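Undergrad: Handing you this structure, nothing more for now.
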Amino acid sequence: MKLNTLFLGLCGASALAFAAHAETITIATVNNGDMVRMQKLTDDFTAKNPDIQLEWVTLEENVLRERVTTDIATKGGQYDVMTIGTYEVPIWAKQQWLLPLDGLGADYDAADIIPAIAGGLSADGKLYAAPFYGESSFVMYRKDLMEKAGLTMPDAPTWEFIADAARKMTDRAADINGICLRGKAGWGENMAFLTAMSNSFGARWFDEKWQPQFDQPEWKNTLQFYVDLMKEAGPSGASSNGFNENLALFQQGKCGMWIDATVAASFVSNPKDSTVADKVGYALAPDTGLGKRGNWLWAWSLGIPAGTQKAEAAQKFVSWATGKGYLDLVASKEGWANVPPGTRTSLYNNPEYQKAAPFAKMTLDSINSADPTKPTVKPVPYVGVQFVAIPEFQGLGTTVGQLFSAALAGQSSVDDALAGAQTASVREMTRAGYIK
Amino acid sequence: MARAVSTRRKIGFTVAAWVVALLIFFPILYTIITSFKSETEAIAGFSLVPSGTLESYAEVQAQSNYFKFFLNSVIIAVGSTILALVVAVPAAWSMAFSPTKRTKDILMWMLSTKMMPAVAVLVPIYLIFRDTYLLDTRIGLTVMLMLINLPIVVWMLYTYFREIPGEILEAARMDGATLWGEIVYVLTPMAVPGIASTMLLNIILAWNEAFWTIRLTTTNAAPLTAFIASFSSPQGLFWAKLSAASTLAIAPILIMGWFSQRQLVRGLTFGAVK
Amino acid sequence: MGNITLNKVSKSFGTTTIIPELDLEIEDGEFVVFVGPSGCGKSTLLRLIAGLEDTSAGKISIDGRDVTGEAPAKRRLAMVFQSYALYPHMTVYKNIAFPLKMAGEDAAVIDKKVKDAARVLNLTNYLERRPGQLSGGQRQRVAIGRAIVRQPSAFLFDEPLSNLDAALRGTMRLEISELHHQLKTTMIYVTHDQVEAMTMADKIVVLNAGNIEQVGSPMELYKTPKNLFVAGFIGSPRMNLINGAAAARHGATTIGVRPEHLGISTTAGEWKATVGVAEHLGSDTFLHVQAGDVGTLTVRADGELGVRHGETVYLTPSPNKIHRFGADGRAM
Amino acid sequence: MATRQTSTLARFMMAPSVILLFIWMIVPLAMTLWFSFQNYNLLNPANVSFAGLFNYKFFYTDPAFFQSIWNTLVLVVGVLLITVIGGIALALLLDQPMFGQGIVRILVISPFFVMPPVAALVWKNMIMHPGYGVFADFAKFFGAQPVDWFAQFPLFSIIIIVAWQWLPFATLILLTALQSLDGEQKEAAEMDGAGIVSRFIYLTIPHISRAVTVVILIQTIFLLGVYAEILVTTNGGPGYASTNLPFLIYRTALLGYDVGGASAGGIIAVILANIVAFFLMRAVGKNLDK
């Protein structure tokens, strides 16, 4: 009985709270640095919109994804703004779970958004999520070690050059590995890298009839190349390394090269965190001359679930967080180097930013060289550079990632890993009804 | 009865025990040490001497309001524990003092309710919570954790109660005590150590429950597990910050554990009743 | 008042019968002892009366009131348990006060009654102690104190002295008897020790395998045991039971002669025997002798008697003290 | 051993627990059972249809299925072995006279207070990482090649982490059991000429067997559900070397959002867990009657 009263009381209390702050919007974000910074700048927004309160839910990437996906798919209605990636947007938009962002205000200037990024966040010409920061991947290398090896990094290297350089830079005695690459199993971990890499080798996940392609020579070339390279020039423990592990290695000067997200540039070039800050050079992700480079495209973006009661306030917030004004705000408070990158063309035309971020041009070029709608050399039925934007991909990608990390760890052969990946993919795609 | 132990032997045991204890404690110690390092120091290789910076703590506090999460953790952990005890004490009483042929089966069945993998029932539970408006409420989470830990609580109380001689309860019955009087005046006070250690164990389990507490909360009811989830594995260096957040999250339960350690051990022994 | 009647009471657990149907009448103010070997059902019988177990059939009434289905608390009985069952977390004072508190008595009344009981039981100086700090005898007295403050219509004792050492047992035996004389309340006392039964009881109920073998005053049982079981159980040392030719001569299947009813002589007598172990108690000497066909006998002799191991003696039973039993074990 | 009245009351007092747990079990179970017969992907809610036994078939034909069951058992048994044996050893050590016993005890039980994901993160990155973990630093200090724990011994590494978390629990329960061992009994055994080993075998082991049973039962229930540690460290890899049943279900449920498949997996897991529990009860249950 008491419980009941308590329960009713609580309901009543929350109803009251509801009435008092009619416009509290709840925002789910990932715990990356740029998002955390935004959270700290909330005051600017509430000063401009005194009738809107912001509640933040900050979670690490995997948990966030589970959390918001469960909520939106069951119409739980817990969030008014969700931070989602390029992977979710096309799938969710297709389910009509997201509100099209058509009320961002007159001064929002949607045309300024980098086209490659906007393309990945739109469906039927409508923008379903506003990019907060965007990234591609590129090569970060140690200029000093490159020089020592007697080589010069071109702006657009080939895989052959990278492999050669990696082997020459490796100096096990000095604890220097020629190259650090992702190896930890996961669709957003090693598979993000390997899928992007495979694009440059002419491979693809599926042909136009959704037939998995792991039995094709292109994949064999990709994986064999990767495993051999890592064996000869990679760090120990590579099969459990993700972004952060490699970042730490690179910052401690243990990697000659590192191919990963462009946002890493701001970490490795930051003298506060990095012991090699002044020795880092950048180059486009490598290719094999087939017309595609091994770089990906990702944008953490803000979307508004279709079920929200506070769409208007939510749009106001999204407009604030992803608008040009926000970039200026961050610049004025924390300097241009800390501005969220990769979303607006105007930022890259800003000389002050170019000066503060030596990697700006290479970042923009990398982003522009990725095309989520045409990611591969051969035609594919899907969208997405380092992923396949279908609901089944996360599970399947992780399975394949596990198999490939086993190949990297030397616990299975490349052929076995590919055969396993093929079997798993055929199984999953048949089940999901793609293969008739 | 106690024989004088030679000091040499005692020193030998002391050294051995301290070495083992420090080895076991080392990961936690290292986390605490790391929390006083800067991020670059944290990955710079093995060192037990931090620079003593409070930078990470400042950043952690700037990013999240620790106290709010802490409060939710306390309410949920303590609330669910008390609720579980209220339900479990009578059940354990009847199992211990009025057992039937099926008592053990019922106990086993209760424990078996914990065997459903949480991930498999996330969607059903989420739907139930949504439809009962319990998402992101402390009461929802409290009831949930109560149900999750109830079997363990019943089990532990049952084992403690069984060590209480039935004659004492019969004496109370002869002395004119009603069932209520029997439980309140005789059983509960006698089982205090057992109940206390059950409580502590349950609070620890509830405090550390990191699946449902994250999946079923948003802002209002989010406890320290959610606080931790906002510091683990972001892009970039995070060791010092995660260590600081972890230290903050572990500290209250660690301190509580330290204070109640004697009680915990005594309760589990239950040597008090003869 | 404390008149307890058992009418066709029986008890079984599942298919095992612990107590077959039995009748028993206990008068008000009587000191009744249930005695029998362990496992004979005497404790179960007590617990049936207490209400701690349900009867399987039959009726129990106290002072004419049917209490068969009543909760123990309502039967106005008090019980002293073998383990004393004191509340370890309460002081002596609170232990004794507990039944009064449960009865909702006034604090002042409780205080007076507890202190009175403590005085009677010599516990006044221990009221603030916990049971764990008391000796066995003191605990026993606390348990009794807890029982008497309620002024029950009857006391039930479940082997209350079995956890005490011999000397203390003797003292407590006297104290309980003394208490009975003071209170004049019905007492039912369960023991496996026939000495306790003989010394304390007004009426002894001998139980065997749930059956009542005989009911009667200690002297009745001693003098006229109805059957072999009672004959063998009551009396210390045990009665000598003799089969065979010696018994047939008295026209019985078995004859029983108590050790104190055997005359002993070094020169002549009915049975010739060789002396075995002699137990010298000072006032008496118990001789264990080997008497050929008759078997091993125990003889109670004068303390001054000086016979040695291996010597030959002659025994003669007092003719009017021979108990004769038929083939069915009943007294003839 | 009681009257009808108390038995009736007893049933009545057990009712809240039983009813609550019954609801708690039956409602999600029924829903899970229902979902397990549906084609239901969370990301495609428009396409829900009856699937018959397909989800079950799909789940158990997963290439990782049998290995995941094996891994689940290895994980449970491995952790139990370490924690029970280690726990007995630790309890024996902590039971000895020493200076600072209280502090030592606190240090030993501390890991139990650490949240599983944090424990996994700390172990993975600060202790076991071959590049900059403490183990690696020590290995390098002694001139050895650092061990790549998660690649070479993935399941064993996870067992170590989980065992570290549960060792305090086992130690605590076993220590308290040890302390209740009668001193006179020990002395009597000593008088009888029993050496330290036979005293341990004939006196200590039987005495703590009940506590060991409690440790095994409670831990098994928690260990059958371990997945957070795997998610944080190896993601089930390399290959399927560290994929256990809960992780497989996790992959299906929260990566694939395949509610039907995950439900089928859940039901299979419940059945398997109950089989394990059944044998466990047969094996150790008699200790509980003491």
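Undergrad: Take the residues in segment A:65-119 that are within 12 Å of chain D (Cβ to nearest Cβ) and part of a loop (DSSP other than H, G, I, E, B), then tell me which one is surrounded by the fewest Cβ atoms within 10 Å (Cβ to Cβ).
TA: Filtering first and then ranking leaves A:Q96.
Undergrad: Looking at A:S332, is it touching a residue at least 40 places away in the same chain (Cβ under 8 Å), polar (S, T, N, Q) and either open to solvent by 40 Å² or more (accessible area, probe 1.4 Å) or within 27 Å of A:G202 (Cβ to Cβ) (or both)?
TA: Taking the combined requirement at face value, the residue does not satisfy it.
Undergrad: Still on this structure, please answer the following. Restricting to segment C:261-285, give me the number of residues that are hydrophobic (A, V, I, L, M, F, W, C) and open to solvent by 60 Å² or more (accessible area, probe 1.4 Å).
TA: The total comes to 3.
Undergrad: Let me ask something else about it. Name the residue, out of C:R258, C:R330, C:R249, C:R308, that is basic (K, R), surrounded by 20 or more Cβ atoms within 10 Å (Cβ to Cβ) and outside the structural domain of C:Q194 (by TED's automatic domain parsing).
TA: C:R258
Undergrad: Do you know which of the residues in segment D:232-276 that are of a type in the set (S, T, N, Q) and more than 11 Å from chain B (Cβ to nearest Cβ) is surrounded by the fewest Cβ atoms within 10 Å (Cβ to Cβ)?
TA: Ranking the qualifying residues of segment D:232-276, first place goes to D:T233.
Undergrad: Tell me, which strands (runs of 3 or more DSSP E) wholly within segment C:1-93 include 3 or more residues that are free of Cβ contacts under 8 Å to residues at least 40 places away in the same chain?
TA: C:16-26
Undergrad: Could you check, for segment A:245-258, whether at least one of its residues is aliphatic (A, V, I, L, M), in contact (Cβ under 8 Å) with a residue 12 or more places away in the chain and open to solvent by 10 Å² or more (accessible area, probe 1.4 Å)?
TA: Within segment A:245-258, none of the residues are aliphatic (A, V, I, L, M), in contact (Cβ under 8 Å) with a residue 12 or more places away in the chain and open to solvent by 10 Å² or more (accessible area, probe 1.4 Å).
Undergrad: Looking only at residues that are open to solvent by less than 50 Å² (accessible area, probe 1.4 Å), of a type in the set (S, T, N, Q) and in a strand (DSSP E or B) in segment C:193-224, which one is farthest from C:L48 (Cα to Cα)?
TA: The extreme case among them is C:Q214.
Undergrad: Please enumerate the residues belonging to segment C:290-312 that are within 11 Å of C:V275 (Cα to Cα) and in contact with a Phe, Trp or Tyr (Cβ under 9 Å, 6 or more places away or on another chain).
TA: If the condition is that a residue be within 11 Å of C:V275 (Cα to Cα) and in contact with a Phe, Trp or Tyr (Cβ under 9 Å, 6 or more places away or on another chain), then C:A291, C:L297, C:T298, C:V299 are the ones that fit.
Undergrad: Moving on. Hey, any hits in segment D:109-132 for a residue that's surrounded by fewer than 21 Cβ atoms within 10 Å (Cβ to Cβ), over 24 Å from the mean Cα position of the chain (by Cα) and within 7 Å of another protein chain (Cβ to nearest Cβ)?
TA: Checked segment D:109-132: no residue is surrounded by fewer than 21 Cβ atoms within 10 Å (Cβ to Cβ), over 24 Å from the mean Cα position of the chain (by Cα) and within 7 Å of another protein chain (Cβ to nearest Cβ).
Undergrad: Considering every residue within segment C:22-40, establish whether at least one is within 13 Å of chain B (Cβ to nearest Cβ), of a type in the set (V, I, T) and open to solvent by less than 30 Å² (accessible area, probe 1.4 Å).
TA: No.
Undergrad: Report whether or not B:V143 is more than 7 Å from chain D (Cβ to nearest Cβ), under 19 Å from the mean Cα position of the chain (by Cα) and in contact (Cβ under 8 Å) with a residue 12 or more places away in the chain.
TA: Here the answer is yes, as B:V143 does meet what is asked.
Undergrad: Kindly indicate the residue of segment A:126-159 that is among the charged types (D, E, K, R) and closer than 15 Å to A:T363 by Cβ and also most open to solvent (accessible area, probe 1.4 Å) among those meeting that condition.
TA: Among them, the one singled out is A:D155.
Undergrad: I've got another one for you. Output yes when any residue across segment B:120-136 is assigned to a helix (DSSP H, G or I), open to solvent by 10 Å² or more (accessible area, probe 1.4 Å) and hydroxyl-bearing (S, T, Y), and no when none is.
TA: no
Undergrad: Based on this model, can you work out whether B:M116 counts as within 23 Å of the chain's Cα centre (by Cα), in contact (Cβ under 8 Å) with a residue 12 or more places away in the chain and facing chain D (nearest Cβ under 9 Å)?
TA: No, not satisfied.
Undergrad: Conditions first: (1) surrounded by fewer than 18 Cβ atoms within 10 Å (Cβ to Cβ); (2) away from every other protein chain (no Cβ under 14 Å); (3) touching a Ser or Thr at 6+ places or on another chain (Cβ under 9 Å). C:I4 passes all but one, so which condition is the exception?
TA: (1)
Undergrad: Now for a separate question. Could you grab me the full set of residues in segment C:156-192 that are of a type in the set (D, E) and either open to solvent by 40 Å² or more (accessible area, probe 1.4 Å) or not assigned by TED's automatic domain parsing to the domain that holds C:A209 (or both)?
TA: Those that are of a type in the set (D, E) and either open to solvent by 40 Å² or more (accessible area, probe 1.4 Å) or not assigned by TED's automatic domain parsing to the domain that holds C:A209 (or both): C:D165, C:E175, C:E178.
Undergrad: Name the single residue, out of those in segment A:211-242 being more than 13 Å from chain D (Cβ to nearest Cβ) and buried (at least 23 other Cβ atoms within 10 Å of the Cβ), that is farthest from the chain's Cα centre (by Cα).
TA: Out of the qualifying residues, it is A:A233.
Undergrad: Continuing with this model, one more query. Quick one: B:M108 ticks every box in (1) within 11 Å of chain D (Cβ to nearest Cβ); (2) buried (at least 23 other Cβ atoms within 10 Å of the Cβ) except a single one, so which number is it?
TA: Here B:M108 clears every test but (2).
Undergrad: Let me ask something additional. Yes or no: D:L75 at pLDDT below 90, open to solvent by less than 10 Å² (accessible area, probe 1.4 Å) and either more than 10 Å from chain B (Cβ to nearest Cβ) or over 23 Å from the mean Cα position of the chain (by Cα) (or both)?
TA: no
Undergrad: May I ask you to list pairs of residues, at least six apart or on different chains, whose Cβ atoms are under 6 Å apart, with the first in segment B:152-180 being more than 7 Å from chain C (Cβ to nearest Cβ) and the second being charged (D, E, K, R)?
TA: B:L169/B:E182; B:A172/B:E182
Undergrad: Okay, next question. Looking for whichever is touching a helix residue (DSSP H, G or I) at 6+ places or on another chain (Cβ under 8 Å) and either closer than 30 Å to C:N320 by Cβ or modelled with pLDDT of 85 or more (or both) here; the options are C:E159, C:E220, C:E178. Which one fits?
TA: C:E159
Undergrad: If you don't mind, there's one more thing I want to ask. Quick one: in segment B:34-52, of everything that is within 12 Å of another protein chain (Cβ to nearest Cβ) and surrounded by fewer than 17 Cβ atoms within 10 Å (Cβ to Cβ), which residue is nearest to the chain's Cα centre (by Cα)?
TA: Step by step, filter segment B:34-52, then rank; the result is B:L48.
Undergrad: Sort out for me the helices (runs of 4 or more DSSP H) sitting completely within segment A:261-373 that have 3 or more residues that are of a type in the set (A, V, I, L, M, F, W, C) and closer than 30 Å to A:G77 by Cβ.
TA: Passing ranges, in order: A:311-322.
Undergrad: Hey, A:A123 hits all of (1) open to solvent by less than 30 Å² (accessible area, probe 1.4 Å); (2) of a type in the set (G, A, S); (3) touching a strand residue (DSSP E or B) at 6+ places or on another chain (Cβ under 7 Å) but one; which does it fall short on?
TA: It is condition (3) that A:A123 fails.
Undergrad: What helices (runs of 4 or more DSSP H) completely inside segment B:1-93 contain at least 2 residues that are in contact with a Phe, Trp or Tyr (Cβ under 7 Å, 6 or more places away or on another chain)?
TA: Counting at least 2 such residues, we get B:7-35, B:39-43.
The values are calculated or read from the model by the stated rules, or taken from the named source; none is laboratory data. Note that this is a predicted model, so its numbers are computed, not measured. Please note: Cβ atoms are built from the backbone with ideal geometry, for glycine as well, and neighbour counts cover all protein chains shown. For the accessible areas, the whole protein counts, side chains as well, though only heavy atoms, and no ligand, DNA or RNA atoms are used. Shrake-Rupley method; radii C 1.70, N 1.55, O 1.52, S 1.80 Å.
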